[in-house]
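Novice: The structure follows.
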Amino acid sequence: MTPSKYYPFPIKALKHNMPLVIYETGIIAEQYIDQLEALGMRDRIQYCADTFPSKRKQFRGIPVLDQQQIAQLSNKQEMIYVVASYWASFSIADTLRACGIDDIHIVMPMAMEIEGQTVHFPLHKRAIRHIVIYPFIETIEEHDDMEARLNWFLPNRQNLHVYIPQDLPGDEVWQSEMDACDVLLVWRQSSLNDALLRPYRAKIGCVDPSYMETPELPLYARLYYRTLEFEERAALLKQSMFNFERLQALVGKGQPAYVFGSGPSLETVLNMQLIPGVKIICNAIVQSEKVLDRLDPDVLVAIDAHFFSHTIFGQQYRETIKQFLDHSSRYCIVPEMYAALLFAQYPELRYQIIGMPITSTIYHFPVLDSFWVKSLANVITTLAIPIASSLADTILIAGCDGSSNLEEPWDHSKIAQWDDTVNAAHEAHTSYRLIINSRESYHEQHNRNIEELIALGEQCGKTYHSITPSFIPALARRFKRLET
């Protein structure tokens, strides 16, 4: 019986008659192994692999190697490496190249299926140089909207081949463009079933704002990063690590790291006597002059893709970032793929932007020789707590209030609220907003992530306190009131 979410094994990996390495050890790898077993070919699998080593040495009875072990294999060029990931497929291909694996030995996944329907996500292996927009754009409004998106999300557009058709499909130009392109951006969901597109499923990224399976905003926001060559991406990462090292030098010996969330209790912190330490704020807090004047924060962390959109909301938020970074000793930390856009659009801020790789499959506090964090659903757990835990041994948390009712959204401080321009972002990126707002058991998962992150830190000898009351169990148990 085919599962509701089906990941077909890329059969072309078998044509070389070479041993296989299944890269990643999750549900996709599970299905790949099941499919190979059904074909009587499980014995072709030599290893599984994970970029981020854990205590697990086997997966489904197959030895698991980490990145360093792959690099040290004497026969590494005598195997085929099958990427068992979608969102991380591009990064995994980079990792394998860094291990010395030639492109001919790297096989990307095929288009996935959900409930029998193909889910469209571009699965290119090399940097994007050629983009086709599909279908034909009929109205001035649609054309202007597409131009606004492309001009922001592709600051290097003049160096790319971007084909926006001026007529209906069917001629030789369309065919040659789709044959040659790296990515097909389909902006109208109803066109996904067009017969003309069937041979190109692995190239398609659906950027219709109503398409729920792969929301268009993260696809757009990652697009520029994916046009960069390996050496260019490596240079941006090197700059981010250099900036992170400068940030580390700001933290005095024995000083704490503060994490400020946007819950209602944030306002009470403004009256507290805080001992010197590195201060990390999140998301909308940067808009509050009152908070900036009173707390004088050192670091802004942000992960919401809306901040990197072409909308008036995104533009205003980035202006706020620029104002925050007017102080040369301040830093802004965002996901690596989004940071590429900021580096390109605001080169004057290149020494204050830190692009953090959000690629780990395990909880991790970033340091220079393992510079990454785990992808989670909230900025506090993805960036703020891991970075604070990397910078200091005592972590003081405020404004992370949670909610007494796990079925209801939590409240935000009045000094950390969005203005009405956020509605423009929601309208422009409908699927992204709906997916964020529809996450089931969000509070329970968030509470669990904080519990597990703090447990990891305490195992490493770190101390955590919440200096404001919280409904999050791990923080409620560690509440420590400061003097006001």
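The values are calculated or read from the model by the stated rules, or taken from the named source; none is laboratory data. It should be emphasised that the depicted structure is a prediction, and the values quoted were computed from it without experimental measurement. Here Cβ is always computed from backbone atoms with ideal geometry, including for glycine, and neighbour counts include all displayed protein chains.
Novice: Tell me yes or no: at least one residue of the stretch 416-430 is of a type in the set (Gly, Ala, Ser), modelled with pLDDT of 65 or more and over 30 Å from Glu142 (Cα atoms).
Specialist: Yes, some residue in the stretch 416-430 is of a type in the set (Gly, Ala, Ser), modelled with pLDDT of 65 or more and over 30 Å from Glu142 (Cα atoms).
Novice: Based on what the data block shows, is Ala344 small (Gly, Ala, Ser) and modelled with pLDDT of 95 or more? Talk me through it step by step, then tell me what you get.
Specialist: Numbers: small (Gly, Ala, Ser): yes; modelled with pLDDT of 95 or more: yes.
So Ala344 passes the test.
Novice: Helices (runs of 4 or more DSSP H) wholly in the stretch 155-252 with at least 1 residues that are loosely packed, with under 14 Cβ neighbours inside 10 Å - which ones?
Specialist: Counting at least 1 such residues, we get 172-180, 230-250.
Novice: Scanning the stretch 290-319 for residues that are part of a helix (DSSP H, G or I) and in contact with a strand residue (DSSP E or B) (Cβ under 9 Å, 6 or more places away or on another chain), which turns out nearest to Val373 (Cα to Cα)?
Specialist: For the stretch 290-319, the residue satisfying everything is Ala305.
Novice: Follow-up question, since we're still on this one. Given (1) modelled with pLDDT of 95 or more; (2) of a type outside the set (A, V, I, L, M, F, W, C); (3) more than 24 Å from the chain's Cα centre (by Cα), identify the lone condition not met by Pro264.
Specialist: So the condition that Pro264 fails would be (1).
Novice: Given the conditions (1) of a type outside the set (A, V, I, L, M); (2) touching a strand residue (DSSP E or B) at 6+ places or on another chain (Cβ under 9 Å); (3) modelled with pLDDT of 95 or more, and given that Lys374 satisfies all but one, which numbered condition is not satisfied?
Specialist: The one condition Lys374 does not meet is (3).
Novice: Is the stretch 319-331 home to any residue that is in contact with a Ser or Thr (Cβ under 7 Å, 6 or more places away or on another chain), surrounded by fewer than 22 Cβ atoms within 10 Å (Cβ to Cβ) and either assigned by TED's automatic domain parsing to the domain that holds Gln239 or within 21 Å of Thr421 (Cα to Cα) (or both)?
Specialist: No, every residue in the stretch 319-331 fails to be in contact with a Ser or Thr (Cβ under 7 Å, 6 or more places away or on another chain), surrounded by fewer than 22 Cβ atoms within 10 Å (Cβ to Cβ) and either assigned by TED's automatic domain parsing to the domain that holds Gln239 or within 21 Å of Thr421 (Cα to Cα) (or both).
Novice: Whether any residue in the stretch 355-364 is assigned to a strand (DSSP E or B) and among the small types (Gly, Ala, Ser) is what I want to check.
Specialist: yes
Novice: What number of residues in the stretch 23-41 are over 13 Å from Tyr6 (Cα atoms), free of Cβ contacts under 8 Å to residues at least 24 places away in the same chain and either within 30 Å of the chain's Cα centre (by Cα) or in a loop (DSSP other than H, G, I, E, B) (or both)?
Specialist: 2
Novice: Further question on the same structure: Among the residues of the stretch 275-289, which ones are outside any loop (DSSP other than H, G, I, E, B) and either outside the structural domain of Ser389 (by TED's automatic domain parsing) or in contact with a Pro (Cβ under 6 Å, 6 or more places away or on another chain) (or both)? Full working, then the answer.
Specialist: First pass over the stretch 275-289, keeping only residues outside any loop (DSSP other than H, G, I, E, B): 278-287, 289.
Correct list: Lys279, Ile281.
Novice: Still on this structure, I have one more. Do you know which residues across the stretch 54-86 are touching a residue at least 40 places away in the same chain (Cβ under 8 Å) and in contact with a strand residue (DSSP E or B) (Cβ under 9 Å, 6 or more places away or on another chain)?
Specialist: Restricting attention to the stretch 54-86, the residues satisfying the condition of being touching a residue at least 40 places away in the same chain (Cβ under 8 Å) are 54, 62, 65, 70, 78-86.
The answer is Ser54, Ile62, Leu65, Ile70, Met79, Ile80, Tyr81, Val82, Val83, Ala84, Ser85.
Novice: Considering the stretch 461-484 alone, what residues qualify as being buried (at least 19 other Cβ atoms within 10 Å of the Cβ) and farther than 15 Å from Ile450 by Cα?
Specialist: Correct list: Ile467, Thr468.
Novice: From the list Leu295, Leu342, which one is under 22 Å from Pro386 (Cβ atoms) and over 18 Å from the mean Cα position of the chain (by Cα)?
Specialist: Leu295
Matching residues to (1) assigned by TED's automatic domain parsing to the domain that holds Pro335; (2) buried (at least 16 other Cβ atoms within 10 Å of the Cβ); (3) among the charged types (D, E, K, R); (4) modelled with pLDDT under 90:
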site: Arg56; (1), (2), (3), (4): no, no, yes, yes
site: Ile70; (1), (2), (3), (4): no, yes, no, no
site: Leu73; (1), (2), (3), (4): no, yes, no, no
site: Lys76; (1), (2), (3), (4): no, yes, yes, no
site: Ser89; (1), (2), (3), (4): no, yes, no, yes
